[in-house]
Amino acid sequence: MNNTTPYYAVIFTSTRTSGENGYPEMAKRMENLARQQPGYLGFESAREEIGVTVSYWESLEAIANWKAHADHHFAQEKGISDWYSWYKVRICLVEREYEFKR
């Protein structure tokens with residue numbers, strides 16, 4: 001991902017409940033759906049004891065529209081009822097970025 005700054009990062013950290021119960025399929029579906037949303041720039045994800053997913057967006061409006069998307073809203077409700085024992089969302093303004101790549 002190589003974006004022109006500034007842009008926004010939505011950091012979603014979570015701990016999962018036990019059992020899959022459709023989670024991998026929904027996670028992939030949400031990833032594919034997010035890619036189709038106006039203002040979407042990319043994402044990165046890792047999971048061990050705590051999962052961290054960071055999605056990148058052009059604007060706060062794009063983030064709000066994604067949060068309100070009906071399919072994403074359904075996934076959020078399933079997350080609360082079935083998949084997560086805890087989560088936190090942070091929205092940050094990225095003012096600068098740099099990277100190393102071999």
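3J(HN,Hα) couplings calculated from phi for region 43-49 with the Karplus curve 6.51 cos²θ - 1.76 cosθ + 1.60 (θ = phi - 60°) are, in sequence order, 7, 9, 8, 8, 9, 10, 5 Hz; Gly and Pro show x.
When restricted to Cα atoms, the chain yields an Rg and a Dmax of 14.1, 42 Å, respectively. Measuring nothing but protein heavy atoms, the accessible surface of the chain at 1.4 Å probe radius is 52 percent carbon and sulfur.
Estimated at the nearest 10 Å², the accessible area of L93 is 80 Å² with a 1.4 Å probe. Could you pull out every residue, at least 5 positions away or on a different chain, whose amide H is within less than 5 Å of the one on V94? Hs are placed 1.01 Å off N in the peptide plane, and Pro or chain starts have none. Counting only residues 5 or more places away or on other chains, the set is Y7, Y8, A9.
Helix 23-35 axis versus longest C-alpha principal axis of the chain: approximately 30°, rounded to the nearest ten. Evaluating 6.51 cos²θ - 1.76 cosθ + 1.60 at θ = phi - 60° for every residue in region 88-102, the Karplus couplings come out as 9, 10, 10, 10, 10, 8, 8, 9, 8, 9, 8, 8, 10, 9, 8 Hz, glycine and proline recorded as x. Here the sum of -39500 (n - 2.57) over DSSP H runs of 4 or more residues, divided by the residues of the chain, equals -9000 deg cm²/dmol at 222 nm, to the nearest 500.
When nucleic acids and ligands are ignored and a 1.4 Å probe is applied, S85 ends up with an accessible area of around 80 Å². Restriction of the GluC sites (Glu not before Pro) in region 6-43 to DSSP coil positions whose beta-carbon has at most 16 other beta-carbons within 10 angstrom yields E20. For L41, the amide hydrogen comes within under 5 Å of the amide hydrogens of Y56, W57, E58, counting only partners 5 or more places away or on other chains and with H modelled in the peptide plane.
The values are calculated or read from the model by the stated rules, or taken from the named source; none is laboratory data. The structure presented is a predicted model; accordingly, all values stated were derived computationally and were not measured. FYI the Cβ positions are ideal-geometry reconstructions off the backbone, even for glycines, and counts take in every protein chain you see. With ligands, DNA and RNA removed, areas are computed over all heavy atoms of the protein, side chains included. Shrake-Rupley method; radii C 1.70, N 1.55, O 1.52, S 1.80 Å.
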